[in-house]
Amino acid sequence: MHLRILTIAASATILLACNSGKKGNTADSTSQDTTTAPAPAAAAPVAKTFDLNAIPVSDKPLGAFPYFELPEGYYNYNKNKVVDFDVAYFWVGDHFEKPEGKIFYDYIRAKEGKSYSDLELTKNLDAAITGAGGVKLTEMKVPQDSATAIPENNKLKYLTGYGFISHAVTTTYLIRRADKNIWAQLTPSDDGASICWMILETK
């Protein structure tokens, strides 16, 4: 009997010690949790917006409107008449700018006997536009939900200027002059053998 009492007492002592240890661990854990605060989330970067005044003014000589000659072996297929005054939509990365003025628009194809090359054409046009003081603003696909900002009547009127917009990569340039701005925009068509372009000179 005496041995049984001692065994029960020893078991009770061990149980109390274990419970005490668990409480201590819990207390330590609680204390640790309350003293370690999570690091504050980093602030989201502010999206850059288009600033016309940040574009340097160019005084490089320009020829007659629409200013830029096509490389050898390419031509403007439709030979559209220049529109004296209207609005067109130019993508600047997160929205369309809507300058008003004189508009040239057409789509460029290779002449008979010449193989069409997107790379050749875009590199030549890029050199011509930037050589005249143009700044490349964007080179990306316009998001489809953003493309709906172009009114349907305007999009249809200048279809051969807008090209396969929101499905193909659109490249936008701006030449800022002291007395006017010249916008240029290139977008491939859906036939894989032409590029549509628009040039607008503000008035």
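The values are calculated or read from the model by the stated rules, or taken from the named source; none is laboratory data. Since the model is a prediction, treat every value here as computed from it, not as a measurement. Backbone-built Cβ (ideal geometry, glycine too); neighbour counts: all protein chains shown.
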Completion exercise
Within segment 121-138, of all residues that are surrounded by fewer than 16 Cβ atoms within 10 Å (Cβ to Cβ) and in contact (Cβ under 8 Å) with a residue 12 or more places away in the chain, the one nearest to the chain's Cα centre (by Cα) is Lys136
Practice task
State whether one or more residues within segment 42-58 are assigned to a strand (DSSP E or B), modelled with pLDDT of 95 or more and surrounded by 14 or more Cβ atoms within 10 Å (Cβ to Cβ).
Solution key: no
Exercise for the section: Answer yes if at least one residue in segment 84-104 is of a type in the set (Phe, Trp, Tyr), exposed (fewer than 14 other Cβ atoms within 10 Å of the Cβ) and modelled with pLDDT of 95 or more, and no otherwise. Expected result: yes
Exercise for the section: Considering every residue within segment 150-158, establish whether at least one is β-branched (Val, Ile, Thr), assigned to a strand (DSSP E or B) and in contact (Cβ under 8 Å) with a residue 24 or more places away in the chain. Expected result: no
Practice task
Would you confirm whether any residue within segment 171-190 is in a helix (DSSP H, G or I) and surrounded by 15 or more Cβ atoms within 10 Å (Cβ to Cβ)?
Solution key: no
Practice task
For segment 126-142, enumerate the residues that are touching a strand residue (DSSP E or B) at 6+ places or on another chain (Cβ under 6 Å) and either in a helix (DSSP H, G or I) or aromatic (Phe, Trp, Tyr) (or both).
Solution key: Ile129
Exercise for the section: Determine whether Lys155 is at pLDDT 95 or above and touching an Asp or Glu at 6+ places or on another chain (Cβ under 9 Å). Expected result: no
Problem - So Asp145, is it charged (D, E, K, R), out of contact with any Lys or Arg (no Cβ under 9 Å at 6 or more places or on another chain), outside any helix (DSSP H, G or I) and more than 16 Å from Leu70 (Cα to Cα) - result: no
